[in-house]
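Below is one structure, written out as structure tokens; the observations come after it.
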Amino acid sequence: MKPDLATITAFVTVARARGFREGARLSGGSASRLSEQIRRLEAQLGVRLFNRSTRSVTLTEAGEGLLNRLSPAIDEMELALDVVNSFRDRPVGNLKLNVPTVVARLILPKILPGFIAAYPDIRVEILTEESFVDVLAEGCDAGIRYDEALELDMIAVPIGPATQRYALAASPAYLEMHGTPEHPGDLLEHACIRGRFPSGAIMEWEFERGDELIEVNPGGPLLVRPGGGTDLAIDAACAGTGIIYLFEDWLKPWLDDGRLVPILQDWWLQFPGPKLYYPDRRLVPSPLRAFIDYIKAHPWTV
């Protein structure tokens, strides 16, 4: 007896989700049903497709080979079904985006409420991720990143402000006790609050004034992971722990009320805003197409 389409789809779902629970969440089914479908498929094929433990579910070599052959066909089937969706008055379906925390904090709040109101039949799921990931492997329709982190062979559409800036700031108490830096190089003599990415890298602080570009790597008493640890870093800076370097828009409430004081403003680095990126393929799922059309029709306003 050959496996049916539902069983094959269950296999692809679990493989892409890297687990039964996550697969059930994404598919709207149950983990126990997915597990039963996979056991039945393995029995029909006479080969183990997954290695299971209490901590993880991973593909065997046979499972990897099967997934690689099935994925293009499943993707094409989903896109073919989505063509029918385009004949509806309003698109229906799921839109899953992979974004860094800063985008979820500063960009999407000004876009998603209007988009969701315009397309109530589309369910949006946001996955925040600080490390570089393959959006397709994560089961996402598209990602949002800055230029230096964009994947190759992707279509990129600007989203949000055309430019942004990093801001350098400290509390009045810190500056009163330690003095105010007058040049980026002076930061090497100050306590600075730094961020370490999941990869282990600590991003150097960059400053520019005219044609002059300076990179510094100061030390300090506190190291946090960007995203989840950012609010802690801001609270520490307000308490006088050290100098913070972060997106200007993120620090704006604290700069406006005086809890933080801007430092070296004529050196603040300006850079291009983020971009929505997605695979270059013939058919784009209708929820993603609707989102692309929406952000193009609603230019960013500050």
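The values are calculated or read from the model by the stated rules, or taken from the named source; none is laboratory data. Please read all numbers here as calculations on a predicted model, not as lab measurements. Cβ coordinates were reconstructed from backbone atoms using ideal geometry, including for glycine residues, and neighbour counts include every protein chain displayed. Just so you know, the surface numbers come from the protein's heavy atoms only, side chains and all, with ligands and any DNA or RNA stripped out. Shrake-Rupley method; radii C 1.70, N 1.55, O 1.52, S 1.80 Å.
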(request) Any residue in region 190-213 that's free of Cβ contacts under 8 Å to residues at least 40 places away in the same chain and more than 21 Å from A236 (Cβ to Cβ): show its pairings with residues that are assigned to a strand (DSSP E or B) and open to solvent by less than 50 Å² (accessible area, probe 1.4 Å) at Cβ separation under 8 Å, as long as the two are six or more apart or on different chains. (result) L213/F207
(message) Regarding region 8-28, can at least one residue be identified that is out of contact with any strand residue (DSSP E or B) (no Cβ under 8 Å at 6 or more places or on another chain), part of a loop (DSSP other than H, G, I, E, B) and of a type outside the set (D, E)?
(response) yes
(request) Tell me, please, whether a residue that is aromatic (F, W, Y), in contact (Cβ under 8 Å) with a residue 24 or more places away in the chain and closer than 18 Å to A73 by Cβ can be found in region 11-27. (result) yes
(message) When the residues of region 242-258 are narrowed to those that are charged (D, E, K, R) and part of a helix (DSSP H, G or I), which ends up surrounded by the fewest Cβ atoms within 10 Å (Cβ to Cβ)?
(response) D256
(message) Quick check on my filter: what residues within region 259-281 are more than 24 Å from the chain's Cα centre (by Cα) and not in a helix (DSSP H, G or I)?
(response) R259, L260, V261, P262, I263, L264, W268
(message) Quick check on region 220-238: of everything there that is open to solvent by 40 Å² or more (accessible area, probe 1.4 Å) and not in a helix (DSSP H, G or I), which residue is modelled with the lowest pLDDT?
(response) G228
(message) What are the pairs with Cβ atoms under 8 angstrom where one residue, in region 104-117, is touching a residue at least 24 places away in the same chain (Cβ under 8 Å) and the other, located anywhere, is buried (at least 17 other Cβ atoms within 10 Å of the Cβ) and among the acidic types (D, E)? Sequence gap at least six, or different chains.
(response) L106/D249
(request) Could you tell me which residue of region 187-211 is farthest from A173 (Cα to Cα), considering only residues that are open to solvent by 80 Å² or more (accessible area, probe 1.4 Å) and more than 26 Å from the chain's Cα centre (by Cα)? (result) D211
